[in-house]
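Encoded as structure tokens, the structure appears first; notes follow it.
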Amino acid sequence: MQRKNFTEVSEFIFLGFSSFGKHQITLFVVFLTVYILTLVANIIIVTIICIDHHLHTPMYFFLSMLASSETVYTLVIVPRMLLSLIFHNQPISLAGCATQMFFFVILATNNCFLLTAMGYDRYVAICRPLRYTVIMSKGLCAQLVCGSFGIGPTMAVLHVTAMFNLPFCGTVVDHFFCDIYPVMKLSCTDTTINEIINYGVSSFVIFVPIGLIFISYVLVISSILQIASAEGRKKTFATCASHLTVVIVHCGCASIAYLKLKSESSIEKDLVLSVMYTIITPLLNPVVYSLRNKEVKDALCRVVGRNIS
């Protein structure tokens, strides 16, 4: 069927959290607080890593890239979501929706592959400690980061091109941003091709990083088990705990959100999952790495002490 057979849709309106009624103000305060904490925490992480020369290592280079990516990721989604909690029925143009979806896919993909690079770094540090500085050279680190950033645009072009070639009949998005499934539901035509593209892209973006990280940690754990002392094993594994925590939450939420069957979808469940991976997870990264990492805490103390003196 041709697009001209349908009424032309020029903008969307987010339904967002309208079902929460008077509680939207409470949600606004909570989400705004979490958002500010996320921005401040990630900016502090990046700043400390840049300033303190003790943290000029591959692991913290990847962490600074992840914190930067998470900061931009939240900027793409959260400000408009906060506005919709105060000013209801705020429209977004088709171009604006396509742009938001484009950058969302890029940054979400980038985060997954940055976590993969961090997993490889942990593998080299524990399994090849004597060759660590040779293997994890500045050139390789730059290539891994560029590779992470390079995969995202390809995935985004696939998604956005397929999505916005569809004719749309509805204008109300049952969500608080231009996510893939809620926008797809507004199409007038069969979306089987788009669903196949979504499963293909999502499977690649989720399973490839999970598979590579899993292989890295199988080798890491086998090396840790060869350490004679229990204290040594504990200390070595502690260096991986922060990364593993972030990977489990990040990839777990993404898997549930984008690899679920259509019949398992519900507006309430989708909203909760979306809040997890757009608001909670970006805060988790700096919190986990700062609270569980002695080097980051020591660097923060040095920077604060230097400024006070």
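Under conditions of 20 °C and 1.002 mPa s, segment 14-105 yields 142 µm² s⁻¹ as its translational diffusion coefficient, taking Rh as the Kirkwood radius over Cα pairs in the Stokes-Einstein equation. Under the shape rule built on the C-alpha gyration tensor, where the axes satisfy a ≥ b ≥ c, segment 203-287 is prolate, since a/c reaches at least 1.5 and a/b is greater than b/c. Once you reduce segment 136-150 and segment 185-209 to the center of their Cα atoms, the two points are 28 Å from each other.
Less than 5 angstrom separates the built amide H of F168 from those of V9, C188, all sequence-distant by 5 or more or on a different chain.
Quick one: length gained pulling L259 to V30 fully straight, 0.36 nm per residue minus the C-alpha distance? Please report the intermediate quantities before stating the final value.
Working: separation 229, 0.36 × 229 = 82.44 nm, distance 2.86 nm.
Fully extending the segment from L259 to V30 adds 79.6 nm.
Within the chain, C50, C112, C127, C141, C146, C240, C251, C253, C301 have no other Cys Cβ under 4.7 Å of their Cβ and so lack a disulfide-compatible partner by this rule. Binned at 5 Å from 0, what are the whole-percent values of the Cα-Cα distance distribution for segment 69-166, short to long? Histogramming segment 69-166 at 5 Å steps yields 2, 12, 16, 16, 14, 12, 9, 7, 5, 3, 2, 0 percent. Between 0 and 90 degrees, the angle of helix 24-51 with respect to the longest Cα principal axis of the chain falls at about 40 degrees. Expressed as an acute angle from 0 to 90° and rounded to the nearest 10, what is the orientation of the C-alpha long axis of helix 230-258 relative to the principal long axis of the chain? With rounding to tens, the tilt is 10 degrees. Each 20 Å bin from zero up to the one holding the largest Cα-Cα distance in the chain carries the following percent of pairs: 30, 53, 16, 1. Between the amide H of V173 and those of I13, F14, L15, distances stay under 5 Å, these residues lying 5 or more places away or on another chain, with hydrogens modeled in the peptide plane. From most to least packed by mean Cβ count within 10 Å, the peptides 243-250, 36-43 give 243-250, 36-43. Helix 294-308 and the longest principal axis of the C-alpha atoms of the chain enclose an angle of approximately 90°.
Protein heavy-atom accessible surface, 1.4 Å probe, per residue over segment 171-299: 47 Å².
Computed over protein heavy atoms with a 1.4 Å probe, the carbon and sulfur contribution to the accessible area of the chain reaches 69%.
Cα-Cα over 25 Å: which of K234/K294; K138/K234; K269/K294?
Where the Cα-Cα span goes over 25 Å, the pairs concerned are K138/K234; K269/K294.
The values are calculated or read from the model by the stated rules, or taken from the named source; none is laboratory data. Being a predicted model, the structure only gives us computed values, none of them experimental. Note that each Cβ is placed from the backbone with ideal geometry, even for glycine, and that neighbours are counted across all protein chains shown. All accessible areas refer to the heavy atoms of the entire protein, side chains included, with ligands and DNA or RNA removed. Shrake-Rupley method; radii C 1.70, N 1.55, O 1.52, S 1.80 Å.
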